[in-house]
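Below you'll find the structure, written out as structure tokens, and then a few comments.
The values are calculated or read from the model by the stated rules, or taken from the named source; none is laboratory data. It should be emphasised that the depicted structure is a prediction, and the values quoted were computed from it without experimental measurement. Counting neighbours? That spans all protein chains shown, and the Cβs are built from the backbone with ideal geometry, glycine included. Remember, those area values only see protein heavy atoms, side chains included, never the ligands or the DNA or RNA. Shrake-Rupley method; radii C 1.70, N 1.55, O 1.52, S 1.80 Å.
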Amino acid sequence: MEILIPGLILVGFMVWASTRIKRNAARAFEREEIETPEFSLIKPDGFLAMAEPPGGLLFSAYSKEFGTGEAESIRRATAEIAVIPASSLDEAVELAKAGAAQIVEATTGMVDGKRFAYLVAETTVNGIKRTVFTKSFLKEFAAVQLTATCLADHSPELAPKLEEMLASFALK
């Protein structure tokens with residue numbers, strides 16, 4: 001009897017902690033507005049933004065789900081913001097086009113008085129087809145580029161979310 005009561009209390013605590021952890025983990029994948037001193041964007045639901053982006057990136061996020069078949073070890077979608085050396089917006093676009101099998105869309109525009117380039121391309125890496133969305137801004141002597149990549153098989157479901165992220169991406 002002396003062991004039963006502390007055991008029940010321990011089990012109750014473990015259930016409470018597990019529920020709380022699951023709830024907080026689910027919240028991390030919800031839609032979120034991200035504001036930093038360099039940029040702002042809307043991270044769509046189903047994506048997790050890394051607290052510490054790797055390799056000098058300003059932002060990095062990935063989808064909750066993985067691909068299927070040959071792509072079962074690859075996230076369905078990823079997004080990264082990087083600063084790349086470029087002297088012009090055209091040079092940044094050419095760097096984004098490198099390795100693309102086909103350019104689906106290429107446009108330019110203005111956001112808050114800043115010129116940007118938007119590019120949608122299709123590419124194949126290790127036999128797996130992907131759709132790559134890129135939005136680039138020129139800032140001083142470099143380009144700030146948001147690149148969102150999704151597996152082509154999942155493009156119809158993920159493209160609207162990625163396009164929302166790219167549309168909301170703006171430099172400060």
### Failed criterion for L138 (all others in (1) assigned to a helix (DSSP H, G or I); (2) modelled with pLDDT under 90 hold)
(1)
### Query
Restricting the search to the range 141-167, which residues are assigned to a helix (DSSP H, G or I), under 19 Å from K64 (Cα atoms) and not acidic (D, E)?
A152, H154, S155, P156, L158, A159, P160, K161, L162, M165, L166
## Note on the structure
For A82, the lone unmet condition from (1) on the phi > 0 side of the Ramachandran plot; (2) open to solvent by less than 60 Å² (accessible area, probe 1.4 Å) is (1)
### Message
So in the range 11-32, with the set limited to residues that are of a type in the set (A, V, I, L, M) and open to solvent by 100 Å² or more (accessible area, probe 1.4 Å), which one is modelled with the lowest pLDDT?
### Response
I21
#### Entry: Meets criteria (closer than 30 Å to F66 by Cα and of a type in the set (D, E, K, R)) for E91
no
### Message
Among the numbered criteria (1) at pLDDT 90 or above; (2) of a type in the set (A, V, I, L, M); (3) touching a strand residue (DSSP E or B) at 6+ places or on another chain (Cβ under 6 Å); (4) within 27 Å of E52 (Cα to Cα), which one does A152 miss?
### Response
(4)
### Task
Please state which one of S73, S87 is open to solvent by 70 Å² or more (accessible area, probe 1.4 Å), touching a Phe, Trp or Tyr at 6+ places or on another chain (Cβ under 9 Å) and more than 21 Å from A148 (Cβ to Cβ).
S87
### Query
Filtering the range 107-123 down to residues that are farther than 14 Å from A170 by Cβ and more than 19 Å from the chain's Cα centre (by Cα), which residue is least open to solvent (accessible area, probe 1.4 Å)?
T107
### Task
Could you look through the range 129-172, keep only residues that are of a type in the set (S, T, Y) and touching a helix residue (DSSP H, G or I) at 6+ places or on another chain (Cβ under 8 Å), and pick out the one that is surrounded by the fewest Cβ atoms within 10 Å (Cβ to Cβ)?
T147
